[in-house]
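Asks: There's a structure below that I have some questions on.
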Amino acid sequence: MVHFARRIVRRIAVILLVGVLFVGVGAALVYQLLRGSLPQLEGQSAVLGLRGPVQVTRDALGVPTIRGASRGDVAAALGFLHAQERFFQMDIARRMPSGRLAELLGPDAIHRDRDTRVHGFGALARTVYARLPVEDRALLDGYRDGVNSGLAGLKARPAEYLLLRAQPEPWSSEDSLLVTYGMAINLQGSLWRDEKSLALLHERLGPKMASFFAPAGSEWDAALDGSHTPPPLPPDALEIEPVWRQLFGHSFPARTRRIGTPLDSGSNSFALGGARTETGSALLAGDMHVSLQVPNTWYRALMIWPTAGGERRVVGITVPGLPVTIAGSNGDIAWNFTNSRADCSDLVIVERLASDAIQYRTEQGTTARLESRVEIIAVRNQPAVTQVNAWTKWGPVVATDWKGRLLALRWTMHDADAANLNLAQLEETTNVHDALRIAKSCGIPALNILVIDRAGNLGWTICGKLPRRMGGDGQMPASWADGEQRWDGFRRPEEVPEIVNPATGQLWTANNRLVGGAALDVVGRGPYEGGARAKQIADGLAQLKKAKPVDLLAIQLDDRAVFLERWQQCLLATLTPVTLEGHSARNELRRIVAEWGGRAGVKSAGYSLVKQWRARVIENIYAPINASCQRFDSGFDVGRFDVESVAWWLIEHKPDELLNRRYSSWPALLLRAADDVIEDARRQGGELHAMAWGRINTPKIVHPLAASLPAFIAQRLNMPFTPLPGDRDMPRVQGVSYGASQRMVVSPGREADGIFEMPCGQSGHPLSEYYRGEHQAWMEGKPTPLLPGAPAHLLQLEPRPR
């Protein structure tokens, strides 16, 4: 029996040893495969698209300096680097706007493909490429050749394709245009939903009540031209009563769905003229806010090529998939972008004929037939899905309204003239005036651009196409069948507003309304971000007399809760001695709020509680409106509107006729919101003092494939989950999956003094030493150099014959 037991033990040991060896050998093979897709850092490599040799050095963070004999050679070399470091990111960036994600990622991506196939950007990219000037096509072609050489130069396919058991497809020149369309979808693709929501609000409340509850702005407005939005003025009681009776004629839940305040737009940029800086040179700061993921959106680079006067040195950020510098400095000018939220799209009500639903009315009494565009969506490991999109002469049908009418989308980005490669011209521009002229011709989504030059000048304008509207302002869906409302082409460059060298010596943008009056008619009337963040930036700039780069970085990192100060005081006033008596939780709430510190700091429970209380107050105010509209459109959310000024006016004036009738008085509504905050904390399993902002505001910056991997592997791919300060209504914008994708401060000609920070690192490869090399400094807000440091690696790229 003993011998038998020993034999069994020995057999089990052998089996376990073989298993361990098998797993070990497998892990070693996987590790070697992964190492095979690491980028080449040194030696030589032959690259298609090059006409001469290119030298690439990388510093200790992996930031390359690319030196070539021409701009075309530099573009090809940049494509080589993008492919070796970030090809999977590039692949996603071209698949998303063309509706081809499911082909690679499987059925979970079908819904996204359905949404984007509506726009027809795949075919449009091919049309636009064929119409580009010869020199622009050559730049894209050289970049394409560099990308495909970089991909082919890897010893193994990128790690993501090993996991997906897929092969990467070669890059095409049209794919770079798709990357531009992807940016347009992310920045502007859903703004038509605001028009749809506003129209429903007008339908349910009537024009006067709707204009009150969805105002055009607030007292926080911080427009560059000093224009202001008038304070809200409610209709008289006789107008309110029938609307209010109608709203409360239907039951609605005591706890309506939370009103959203998503971080769906972002970016700051601000500048000081030479008279306001320590050196006498203009100074620019920019931090673009996007969804944060691994790898980071941007790829840093310093690109150098010869010019007639010497050489051009352009430092800044590129996006993998495009051969141009998105934001940066060329020694003469520096530039940065923010989302303008200009109104570049309209919803058109399609008037179908009762006798033939395929026919619809057009201008001058004519009719047309709805066009059916069939899209075949390939799905990984599953049968393809067929989708039929209806198109009108104005654009695709994207929705139906509450009356069942088709809504077509007229969007500037559907026009072939709305995309080009003119952005590359900024790299060679030497002054603000020329830069603004070029910016207005850039074929990109409508963005704010701030530009400064080494002479101390500064300027602002809007890039991209802006529609010329006739017969309406485009704020709500309208029929264009009678020809009264329509677009008459696009605005000419001289019509697009600009501001150069204002008397204050400062400019700022933060997705807010920047102009009023006739200029606003050109740009379009919203929907703009509330002005609190912009105002805090403008006020911070006004304090600076002889500014240095670190002073502008300090504004970028400003997490003071200026916007919530009056709400904190109001909550304290709500928690009166009478309301506190016998309520220990309310007493604790008041104590924590009184000691909140006035910042969105990671340890501040008071900040979290004030923020949540404000949200609850607004929900209680708007609950009957939200519930009434959601009966007709489940996607309706008053959080799409700038409700701050209305909510505050109601709290101050306490009109009985506008009180949510679930409450006996305005103080009762405010107190109920405080009790809701207490109940929310209990439901989350914590005490009030444990509701520190950092507990809520812990960014989850993850790799897109991490969710499908075991936790111990995903942890290696993701960035550390570290609580960070900041929020949406202050300069330091920070959310769980959203925030500053980079911070840059620079003065043209003084790039050596510039500052740069970004999350993650240069490389998208988890085994690369550059995968997370810049992340810690970004989290800490630690100033690091804009220019690359001393070379750590040297790579020589040589022309490869076809």
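The values are calculated or read from the model by the stated rules, or taken from the named source; none is laboratory data. This is a predicted model, so every value here is computed, not measured. FYI the Cβ positions are ideal-geometry reconstructions off the backbone, even for glycines, and counts take in every protein chain you see. Just so you know, the surface numbers come from the protein's heavy atoms only, side chains and all, with ligands and any DNA or RNA stripped out. Shrake-Rupley method; radii C 1.70, N 1.55, O 1.52, S 1.80 Å.
Asks: Considering only residues that are of a type outside the set (K, R), surrounded by fewer than 22 Cβ atoms within 10 Å (Cβ to Cβ) and over 12 Å from G694 (Cβ atoms), which ones fall in segment 581-608?
Replies: E581, G582, H583, S584, A585, N587, E588, I592, A594, E595, G597, G598
Asks: While we're on this one: Evaluate the following for S737: is it of a type in the set (S, T, Y), buried (at least 18 other Cβ atoms within 10 Å of the Cβ) and touching a residue at least 12 places away in the same chain (Cβ under 8 Å)?
Replies: No; evaluated as a whole, the condition is false for this residue.
Asks: Let me ask something else about it. List the residue pairs whose Cβ atoms are under 9 Å apart, where the first residue sits in segment 701-725 and is modelled with pLDDT of 90 or more, the second is among the acidic types (D, E) and not in a helix (DSSP H, G or I), and the two are 6 or more positions apart or on different chains.
Replies: P725/D559
Asks: Hey, among L709, L717, L724, which residue is in contact with a His (Cβ under 8 Å, 6 or more places away or on another chain) and either surrounded by 15 or more Cβ atoms within 10 Å (Cβ to Cβ) or farther than 22 Å from W778 by Cβ (or both)?
Replies: Numbers: L709 fails: in contact with a His (Cβ under 8 Å, 6 or more places away or on another chain); L724 fails: in contact with a His (Cβ under 8 Å, 6 or more places away or on another chain).
When all the criteria are applied, what remains is L717.
Asks: Of these, G43, G72, G49, G68, which one is in contact with a helix residue (DSSP H, G or I) (Cβ under 8 Å, 6 or more places away or on another chain), at pLDDT 55 or above and over 18 Å from E311 (Cβ atoms)?
Replies: After applying the criteria, what remains is G49.
Asks: Would you mind telling me which numbered condition in (1) exposed (fewer than 14 other Cβ atoms within 10 Å of the Cβ); (2) within 22 Å of S345 (Cα to Cα); (3) at pLDDT 95 or above K403 fails?
Replies: Going through the list (1) exposed (fewer than 14 other Cβ atoms within 10 Å of the Cβ); (2) within 22 Å of S345 (Cα to Cα); (3) at pLDDT 95 or above, K403 breaks only (3).
Asks: I'd like the full set of residues that are out of contact with any Pro (no Cβ under 9 Å at 6 or more places or on another chain) and not hydrophobic (A, V, I, L, M, F, W, C), limited to segment 171-188.
Replies: S172, S173, E174, D175
Asks: If I filter segment 682-695 down to residues being within 30 Å of the chain's Cα centre (by Cα) and in contact (Cβ under 8 Å) with a residue 24 or more places away in the chain, which single residue comes out as surrounded by the most Cβ atoms within 10 Å (Cβ to Cβ)?
Replies: That would be W693.
Asks: Can you confirm whether L507 is in contact with a Leu (Cβ under 6 Å, 6 or more places away or on another chain) and not in a helix (DSSP H, G or I)?
Replies: Answer is yes for this residue.
Asks: Can you find a residue that is closer than 21 Å to W411 by Cα and in contact (Cβ under 8 Å) with a residue 60 or more places away in the chain anywhere in segment 130-151?
Replies: Yes; the residues of segment 130-151 include at least one that is closer than 21 Å to W411 by Cα and in contact (Cβ under 8 Å) with a residue 60 or more places away in the chain.
Asks: I need every pair where a residue in segment 258-273 that is closer than 16 Å to S340 by Cα has its Cβ under 8 Å from the Cβ of a residue that is modelled with pLDDT under 55, sequence separation at least 6 or different chains.
Replies: Here the result reads none, with nothing in segment 258-273 linked to a residue that is modelled with pLDDT under 55.
Asks: Considering each residue of segment 361-419, count those that are touching a residue at least 24 places away in the same chain (Cβ under 8 Å) and of a type in the set (V, I, T), and give that number.
Replies: The number of residues fulfilling the criteria is 8.
Asks: Considering only segment 272-329, give the strands (runs of 3 or more DSSP E) lying wholly within it that have at least 2 residues that are surrounded by 23 or more Cβ atoms within 10 Å (Cβ to Cβ).
Replies: So the answer is 283-287, 299-307, 310-318, 327-329.
Asks: If R491 satisfies every condition in (1) surrounded by 15 or more Cβ atoms within 10 Å (Cβ to Cβ); (2) more than 30 Å from T392 (Cα to Cα) but one, which is the exception?
Replies: Single failed check for R491: (2).
Asks: While we're here: Name the pairs whose Cβ atoms lie under 6 Å apart, with the first residue in segment 180-199 and within 24 Å of T297 (Cβ to Cβ) and among the aliphatic types (A, V, I, L, M), the second open to solvent by less than 20 Å² (accessible area, probe 1.4 Å) and assigned to a helix (DSSP H, G or I), and 6 or more positions between them or separate chains?
Replies: Within 6 Å, the pairs are A184/M413; I185/P97.
Asks: Is there any pair linking a residue in segment 52-68 that is at positive phi to one that is open to solvent by less than 10 Å² (accessible area, probe 1.4 Å) and small (G, A, S), with Cβ under 8 Å and at least six apart or on different chains, and which?
Replies: G62/G761; G62/S763
Asks: Does V348 satisfy the condition of being surrounded by fewer than 19 Cβ atoms within 10 Å (Cβ to Cβ) and outside any loop (DSSP other than H, G, I, E, B)?
Replies: no
Asks: If you scan segment 165-181, which residues turn out to be open to solvent by less than 30 Å² (accessible area, probe 1.4 Å) and more than 18 Å from R144 (Cα to Cα)?
Replies: The one that is open to solvent by less than 30 Å² (accessible area, probe 1.4 Å) and more than 18 Å from R144 (Cα to Cα): A166.
Asks: Filter segment 534-586 down to the residues that are in contact (Cβ under 8 Å) with a residue 12 or more places away in the chain and among the polar types (S, T, N, Q) and list them by number.
Replies: Scanning segment 534-586 gives Q536, Q556, Q568, T574, T579.
Asks: For the subset of segment 639-656 comprising residues that are part of a helix (DSSP H, G or I) and among the acidic types (D, E), which member is surrounded by the most Cβ atoms within 10 Å (Cβ to Cβ)?
Replies: It comes out as E644.
Asks: Filter segment 110-128 down to the residues that are among the hydroxyl-bearing types (S, T, Y) and open to solvent by 40 Å² or more (accessible area, probe 1.4 Å) and list them by number. Walk me through how you get there before you give the answer.
Replies: Step one: list which residues in segment 110-128 are among the hydroxyl-bearing types (S, T, Y), which gives 116, 127.
Correct list: T127 only.
Asks: Continuing with this model, one more query. For segment 379-400, what are the residues that are β-branched (V, I, T), out of contact with any helix residue (DSSP H, G or I) (no Cβ under 8 Å at 6 or more places or on another chain) and either part of a loop (DSSP other than H, G, I, E, B) or open to solvent by less than 60 Å² (accessible area, probe 1.4 Å) (or both)? Give the derivation first.
Replies: Filtering segment 379-400 for residues β-branched (V, I, T) gives 379, 385-386, 388, 392, 397-398, 400.
Of the ones still in play, those that are also out of contact with any helix residue (DSSP H, G or I) (no Cβ under 8 Å at 6 or more places or on another chain) are 386, 388, 392, 397, 400.
Within segment 379-400, T392, V397 meet the criteria.
Asks: Filter segment 599-638 down to residues that are outside any helix (DSSP H, G or I) and more than 24 Å from W220 (Cα to Cα), then give me how many there are.
Replies: Going through segment 599-638, the residues outside any helix (DSSP H, G or I) turn out to be 599-604, 631-637.
Add one more test, that the residue is more than 24 Å from W220 (Cα to Cα), and what stays is 602-604, 631-636.
Adding up the residues that qualify gives 9.
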